[in-house]
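The values are calculated or read from the model by the stated rules, or taken from the named source; none is laboratory data. Computed from a predicted model, the values in this text were never measured in an experiment. Every residue, glycine among them, receives a Cβ derived from its backbone with ideal geometry; neighbour counts consider all protein chains shown. To get the accessible areas, we keep the full protein, side chains included, count just its heavy atoms, and leave off ligands, DNA and RNA. Shrake-Rupley method; radii C 1.70, N 1.55, O 1.52, S 1.80 Å.
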Amino acid sequence: MPEFCGVILNEEKMNSKKTAIVTGGSRGLGREMVLNLAKEQHNIIFSYNSQKKKADEVIEEVKQFGVDAVAFHYDANDLKSGEEFLQNVLKYQEENYGTPNFDFLINNAGTGTFNLVKDTEEEQFDTMLNIHLKSVYFLTQKALKYMNQSGRIINISSGLTRFSLPGMSSYAIMKSAVETFTKYLAKELGERKITANVVAPGAIATDFAGGTNRDNLEKRTIIENITALGRVGEAEDIGGVVSFLCSEKAGWINGQRIEVSGGMVL
Ligand SMILES: NC(=O)c1ccc[n+]([C@@H]2O[C@H](COP(=O)([O-])OP(=O)(O)OC[C@H]3O[C@@H](n4cnc5c(N)ncnc54)[C@H](OP(=O)(O)O)[C@@H]3O)[C@@H](O)[C@H]2O)c1
């Protein structure tokens, strides 16, 4: 009987874990979000686009926290790929936990193409539209049906919706739209006790933008000089904020844009 009780307890423990979906978890900010959420004992599903090997490495890192992790391919520039990603997620959940449902959705995946307004081509604009707005909108829309009561949606925006830097227009416009989308999500999902918030990072030293926030000394100096805390952001500065927003303590934060930039361009 005690063994039996033990099994019940273990099952309860297993089932009590929540599941977070993080798009773009193979590198940069998404990887840190994955690791921080795993540290908080949430099971993880994340996406990669081009870097399967890096995704596999992240899965290995996650294992040390004793939670489950899996990664599926997702190209946010292709709406069909989003549908396939979601189907893989639902199938995986159903097979492993007997329900397709999950708890947290973090829309993080993305890359930037930068050009002055006068030089921006329609194709570039459409790529930004697909990756940073359409895919976020429709992945969220389709996933919502499977989100548990009291779930959390966190959309990753950018400091560039508050201040302007030359060459960032098509990227920043989509992030602004995602911020508006987030407010609508918060309003419409309140009855399911689901919150929706934006995390808007400042300049962070990742592979993003050709890795220039990390590798270009001139750019780093500029960022340091316009940031109150006097340094370039690191991916670790963001991951913990996202996991906090998924915690019980953050349950009353809703419909907000939280900038995490060390005080950039104040
Ligand atoms: N770094 C910054 O300064 C900064 C500032 C503000 C906001 N952000 C935002 O933060 C998010 C993450 O950026 P990051 O700095 O972590 O960039 P990163 O280090 O370049 O990582 C990008 C992540 O997104 C995935 N990804 C790239 N293109 C994709 C596509 N077409 N479809 C699906 N997934 C794709 C990558 O997958 P693979 O590894 O498989 O290629 C990777 O997991 C982005 O939304 C970005 O706009 C970044």
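Brief remarks on what is shown
- Residues within region 240-266 that are in contact with a strand residue (DSSP E or B) (Cβ under 9 Å, 6 or more places away or on another chain), in a helix (DSSP H, G or I) and among the aromatic types (Phe, Trp, Tyr), tallied: 0
- LYS53 meets each of the listed conditions (1) open to solvent by less than 50 Å² (accessible area, probe 1.4 Å); (2) in a helix (DSSP H, G or I); (3) within 14 Å of the ligand (Cβ to nearest atom) apart from (1).
- Test set (1) more than 11 Å from the ligand (Cβ to nearest atom); (2) open to solvent by less than 30 Å² (accessible area, probe 1.4 Å); (3) assigned to a helix (DSSP H, G or I) - TYR92 fails condition number: (2)
- Consider region 34-47 and keep the residues that are within 15 Å of ASP103 (Cα to Cα) and open to solvent by less than 30 Å² (accessible area, probe 1.4 Å). The one that is nearest to the ligand (Cβ to nearest atom) is PHE46.
- Residues of region 133-162 satisfying the condition of being open to solvent by less than 20 Å² (accessible area, probe 1.4 Å), of a type outside the set (Ser, Thr, Tyr) and part of a helix (DSSP H, G or I): VAL136, LEU139, ALA143, GLY159
- Residue in region 144-159 that is nearest to the ligand (Cβ to nearest atom), counting only those that are small (Gly, Ala, Ser) and farther than 13 Å from LEU189 by Cα: SER158
- Every residue from region 90-118 that is among the aliphatic types (A, V, I, L, M), touching a Gly at 6+ places or on another chain (Cβ under 8 Å) and farther than 21 Å from SER247 by Cβ: ALA109, LEU116
- Criterion: more than 18 Å from LYS80 (Cβ to Cβ), open to solvent by less than 70 Å² (accessible area, probe 1.4 Å) and within 16 Å of the ligand (Cβ to nearest atom) - qualifying residue of ASN101, ASN107, ASN130, ASN115: ASN115
- Residue check for LEU165: part of a helix (DSSP H, G or I) and either hydrophobic (A, V, I, L, M, F, W, C) or away from the ligand (no atom under 14 Å from the Cβ) (or both): no
- Check on GLY211, open to solvent by less than 20 Å² (accessible area, probe 1.4 Å) and out of contact with any helix residue (DSSP H, G or I) (no Cβ under 9 Å at 6 or more places or on another chain): yes
- On the stretch given as region 98-126, residues that are in a loop (DSSP other than H, G, I, E, B), among the aliphatic types (A, V, I, L, M) and farther than 18 Å from ASN88 by Cα total 1.
- Qualifying residue in region 60-82 (condition: more than 11 Å from the ligand (Cβ to nearest atom), over 30 Å from SER164 (Cβ atoms), assigned to a loop (DSSP other than H, G, I, E, B) and touching a His at 6+ places or on another chain (Cβ under 7 Å)): yes
- Total residues in region 214-239, condition surrounded by fewer than 17 Cβ atoms within 10 Å (Cβ to Cβ) and assigned to a helix (DSSP H, G or I): 9
- With respect to being within 15 Å of the ligand (Cβ to nearest atom), farther than 26 Å from GLU40 by Cα, of a type in the set (D, E, K, R) and in contact with an Asp or Glu (Cβ under 9 Å, 6 or more places away or on another chain), ARG214 fits the description.
- Single residue of region 168-208 satisfying the filter (among the acidic types (Asp, Glu) and in a helix (DSSP H, G or I)) that is least open to solvent (accessible area, probe 1.4 Å): GLU179
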